[in-house]
1. If you average the alpha carbon positions of segment 163-240 and of segment 394-456, how far apart do those two centres end up, in angstrom?
2. Taking one equal scatterer on every alpha-carbon of segment 312-428, how large is log10 of I(q)/I(0) by Debye at q = 0.14, 0.23 1/Å?
3. Using only Cα atoms, locate the centre of segment 128-157 and the centre of segment 51-127, then give the distance between them in Å, rounded to an integer.
4. Per 0.36 nm of contour for each residue apart, how much would the distance between T395 and D181 grow if the chain were fully extended, relative to their Cα-Cα spacing?
5. From the P(r) of segment 1-69, can you give the percent of Cα pairs sitting at distances over 19 Å?
6. Which of the peptides 172-184, 195-207, 317-329 is most tightly packed, and how do the rest follow, going by the mean number of other Cβ atoms within 10 Å of each residue?
7. Around K3, with a cut-off of 11 angstrom between Cβ atoms, what is the net charge of the other residues, counting Lys and Arg +1 and Asp and Glu -1?
8. Using 0.36 nm times the number of residues separating K61 and L213, minus their current alpha carbon distance, what extension gain do you get?
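Quick note: the coordinates plus some simple rules give every number you see, no bench work behind them. Note that this is a predicted model, so its numbers are computed, not measured. Note that each Cβ is placed from the backbone with ideal geometry, even for glycine, and that neighbours are counted across all protein chains shown.
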Amino acid sequence: MYKKNAWSKYNDQEMKKLMTFCEDYKDFLSTCKTERECVKYSVELIEKLGFKNINSLKSLKAGDKVYAVNRDKNICVFVIGDEPIENGLNVLGAHIDSPRIDIKQNPLYESEGYAMLDAHYYGGIVKYQWVTIRLAIHGVVCKKDGKIVNVCIGENPDDPVLVITDLLPHLAAEKMQKSGDKVIEGEDLDITVGSMGLDGEEKESVKKAILKLLKEFYDIDEEDFVSAELEIVPEGKARDLGLDRSMILGYGHDDRVCAYTSLRAVLDAGKCKRTTCAFLVDKEEVGSIGATGAHSTWFQNVLAELINLQNGNYNDLMLRRALTNTYMLSSDVSAAYDPLYRGVFEKNNACFLGSGITFNKYTGARGKSGCNDAMPEYMAKIRKIMDDNNINYQTAELGKVDVGGGGTIAYIMGNQNMNVIDAGVPVLSMHAPQEAVSKADVYEAYMGYIAFIKEA
């Protein structure tokens, strides 16, 4: 009933590689808490390895290393293979957005001597988990003159942090009678940012003091909030979890653990027979909509550009063939079996920490609503690749039938007639401010992704 544990297969040399890889991943997770930060980190990493922006190229040949960026929130990284792109690609697709709290367009106000930021949560959070924890603010403020101000407050040890306050238990008898989804209301997720008034000001003196600080340090005026993208996230670095240091605790494993392992797999695999791609996308947590979500035509547009560069011309048939012939892993996390909440899992079809990369043949909800449901022929191909390369893997569903439910970008890319299956890392406490993964699963996913893009 329990899946095969991956830890037992590592010798000393492999264990050292695993731990080194996970230290690199922890650095990524600690540094990249927004989509823009993930893209910036990725560009800096790949350019050091010789990758070039496709906008700078006039042609393509086998072995070329190229990338494309969309609105600073998506990135595609390619290593051009020996075969024409028309023959299909091997793609690893992950999302780089995570559940969080966003600042509203007109957020700053003063109430009873406190300066507050009005907020709106993003994605499927459990609201009560976000109160009384240390928070940081990351993002950009775009000014009318075209200047973009990068903001990061709360991550440096000398920085102040922010917080959403909560009611003391002595006064919370009525509140504690509410259901879990109501005990903290969405409009109660406002951020406390100050309490010191500005000398000589009688009205809104605390708000004015905060605006003075923002002007002094960031050249931000109150009206600039309208064109800002400011995200409230848990502060602090990812840390080893457990006395044996076998796990990693941090914000944003969903889905940056699969984004990082996918990116590294493409970088480390080198040139393959087929063109390989890491596709890191935004907006999955809110339906993959908009110009930076997986529903956007941007990925198709980039493939069209690559076909044109490779062939000296483009036609729609080449693009359609490329999509049809593509193999993809929708690199997304799965809910790890939790012994504290065993009633929502069906153990034979659950994934376990430390047992390797997890394949979800379908996600969706109830009667497979909204699922991708990968073809069994494709699943057989994936099984062979994993077994041939000694990759620990497991299969899972998202909880019991009629209990679980959720989706990924798999069905969206499947709509392009690709072969797609979900494949990722099991996560404990998914969508919480602090999630947990096993280092063994992180490494098995990375090695499994390399095997896939080399051999699919």
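1. 34 Å
2. So the normalised log intensities work out to -0.60, -1.30.
3. Value for the Cα centre distance between the two parts: 17 Å.
4. 74.0 nm is the gain from fully extending T395 to D181.
5. It works out to 58 percent of all Cα pairs.
6. In decreasing order of mean packing, 172-184, 195-207, 317-329 become 317-329, 195-207, 172-184.
7. For residues surrounding K3, the net value is +1.
8. Length gained, K61 through L213: 49.5 nm.
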